[in-house]
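Notes follow once the structure below has been shown.
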Amino acid sequence: MKITIIGAGRVGSSIAQRVSEWNLTNELVLLDIDADRAKGSSLDIHHSSAIEENKCIIHGTDDYKKSSGSDINVICAGVPRKGDMSRLDLLKQNASIVSEIALEVEKYSPKSKLVVITNPMDIMVWVVWRKTDFGREDIMGMGGILDTGRYKSLISNELDVCPSNVEGMVIGPHSDLMVPLISKTRIAGKPISNIIPQEKIKEIISKTIDSGKNIINYLGDGGTKHGPSAAAFKLIKTIATNRKKILPVSTILQGEYGGKDLAIGVPAKVGNSGIEKIYEVDMSENEKKKLKDSITFTREKIKKLEKMDL
Ligand code: NAI
C-alpha cells in the first residue's frame with residue numbers, strides 16, 4: 001500500500017500523522033509545492049513513527065515522480081478560508097490548483113483512488129472527475145463524514161451517550177446547505193425527535209453547520225485540522241482495508257437523488273475499489289426539498305466554473 005498526501009499544511013500533515021501512527025502503509029509521500037514544508041513535516045512524522053515502533057518510509061517532496069504508483073492520493077492542497085469567508089469564496093483559486101494536481105495524479109498513479117478535501121470540496125470532486133479519466137467510483141470527498149461527526153458529537157453531548165450510539169448521517173454538500181437527516185437519526189431505535197425538544201434540535205443543526213466557522217474564529221490564525229484529518233483517515237482506512245463501510249461520501253451523481261454530473265455527499269458503500277454502491281435513503285418532505293435546493297445550487301456553481309478557463 002502506497003499513499004500520497006498532496007498539501008502538507010495543517011490538514012495534510014495531520015492526516016499523514018494518523019496514517020503513520022496507524023501503520024496503514026509502508027510508504028507514505030507528503031507532497032507540497034513548498035518542498036521544505038513537505039520535507040520538514042515528513043521528517044517530524046518519521047521520528048514519531050520510529051517512537052511508535054512502526055516501519056514506514058516517508059518522503060517529503062515537491063516531485064510527483066516520488067508519488068508514482070500510489071494506491072490512494074489525498075488532495076488537500078489549496079487555499080483555506082478565513083473567518084469571514086464561505087468555502088465557496090475559494091472556488092476559482094482552488095479549482096485551478098486542484099485541476100493541475102488531478103492531472104499529475106492521473107499521470108503518475110492512474111489506478112489510484114482519490115480522496116478530496118480541498119474546499120469547496122464537492123465542486124473539487126467534480127473538477128477532478130471532469131479533468132481526468134478517473135471513474136466516479138474512484139473519486140471521493142470526505143466532508144460528510146466530518147459533518148456527521150460534528151452532528152453526532154452535539155447529540156451525544158445533549159443526551160450524554162457515546163457518539164457511536166447515535167445512528168444518523170449528514171448528507172448533501174459540505175457547505176451551509178448540508179442536510180442533517182433528522183428523520184433518520186435514532187438512539188437505541190428511538191427517533192431523536194421523540195427524545196430531544198424541537199428547539200434543541202434546531203440549535204444542534206445550526207451548530208453543526210457553523211462548526212467549521214466557529215473553530216476558525218476561535219483560532220484566529222488558522223483552520224480546522226483534527227476533525228478533518230479524522231474524517232479523511234476514516235475514509236482512507238475504509239478504502240485501504242476494503243471495509244465496505246457505508247459512509248456519507250461526496251460522489252458524482254448520475255441520476256441518484258435527482259442529481260446529474262455533479263457531486264454532493266450521499267450514503268455510499270466504500271471498499272478498495274472505491275465507491276461500490278450508492279444508497280438512496282427515504283427522507284422527510286423537508287429534507288427532500290433541502291437536498292433538491294442544494295443540488296440546484298451546486299449545479300449553478302458548476303455552470304459558473306465551466307465558463308472559467310481553468
Ligand atoms: P494550509 O494552508 O495549512 O495548507 C495548504 C497547503 O497546500 C500548503 O502547504 C500549500 O503550500 C499547499 N499548496 C498550495 N498550492 C499547491 C499546489 N499547487 N501543489 C501542491 N501543494 C500546494 O491549508 P489547510 O488548512 O491544510 O487546508 C487545505 C484545504 O483543505 C483548504 O482548501 C481548506 O479549505 C480545505 N479543508 C477542507 C475541509 C473539509 O472538510 N473538506 C476541512 C478543512 C480544510
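The values are calculated or read from the model by the stated rules, or taken from the named source; none is laboratory data. Values in this document were obtained by computation on a predicted structure and should not be read as measured data. Cβ sites come from the backbone with ideal geometry, for glycine too, and all protein chains shown count toward neighbours. Surface areas here come from the heavy atoms of the whole protein model, side chains and all, with no ligands, DNA or RNA. Shrake-Rupley method; radii C 1.70, N 1.55, O 1.52, S 1.80 Å.
In table form, for the structure just shown:
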| item | result |
| --- | --- |
| Exclusive hit being more than 18 Å from residue 201 (Cα to Cα), surrounded by fewer than 22 Cβ atoms within 10 Å (Cβ to Cβ) and in the same structural domain as residue 200 (by TED's automatic domain parsing), set 156, 164 | 164 |
| Residue ID - farthest from residue 1 (Cα to Cα), chosen from residues in region 97-118 that are surrounded by fewer than 16 Cβ atoms within 10 Å (Cβ to Cβ) and not charged (D, E, K, R) | 103 |
| Conditions (1) outside any loop (DSSP other than H, G, I, E, B); (2) away from the ligand (no atom under 16 Å from the Cβ): number failed by residue 196 | (1) |
| Total residues in region 205-236, condition surrounded by fewer than 16 Cβ atoms within 10 Å (Cβ to Cβ) and either basic (Lys, Arg) or within 13 Å of the ligand (Cβ to nearest atom) (or both) | 5 |
| Filtered residue count, region 1-10, keeping only those that are near the ligand (Cβ under 9 Å from one of its atoms) and open to solvent by less than 30 Å² (accessible area, probe 1.4 Å) | 4 |
| Which listed residue, of 71, 34, is open to solvent by 40 Å² or more (accessible area, probe 1.4 Å), out of contact with any Phe, Trp or Tyr (no Cβ under 9 Å at 6 or more places or on another chain) and within 14 Å of the ligand (Cβ to nearest atom) | 34 |
| Among residues of region 277-310, those that are of a type in the set (Asp, Glu), open to solvent by 60 Å² or more (accessible area, probe 1.4 Å) and touching a helix residue (DSSP H, G or I) at 6+ places or on another chain (Cβ under 7 Å), counted | 1 |
| Any chance residue 243 is closer than 22 Å to residue 138 by Cα, in a loop (DSSP other than H, G, I, E, B) and either modelled with pLDDT of 95 or more or assigned by TED's automatic domain parsing to the domain that holds residue 208 (or both) | yes |
| Some residue of region 78-95 being part of a helix (DSSP H, G or I), open to solvent by 50 Å² or more (accessible area, probe 1.4 Å), modelled with pLDDT of 95 or more and not assigned by TED's automatic domain parsing to the domain that holds residue 268 | no |
| Hits in region 93-129 - residues which are among the hydroxyl-bearing types (Ser, Thr, Tyr) and more than 12 Å from the ligand (Cβ to nearest atom) | 108, 109, 112 |
| Tabulated pairs, region 58-78, first more than 13 Å from residue 110 (Cα to Cα), second part of a strand (DSSP E or B) and open to solvent by 40 Å² or more (accessible area, probe 1.4 Å), C-beta under 6 angstrom, 6+ apart or interchain | 66/59 |
| Counted residues, region 13-28 - those being within 12 Å of the ligand (Cβ to nearest atom) and farther than 19 Å from residue 79 by Cβ | 1 |
| Among residues of region 37-57, those that are more than 16 Å from the ligand (Cβ to nearest atom) and of a type outside the set (Gly, Ala, Ser), counted | 9 |
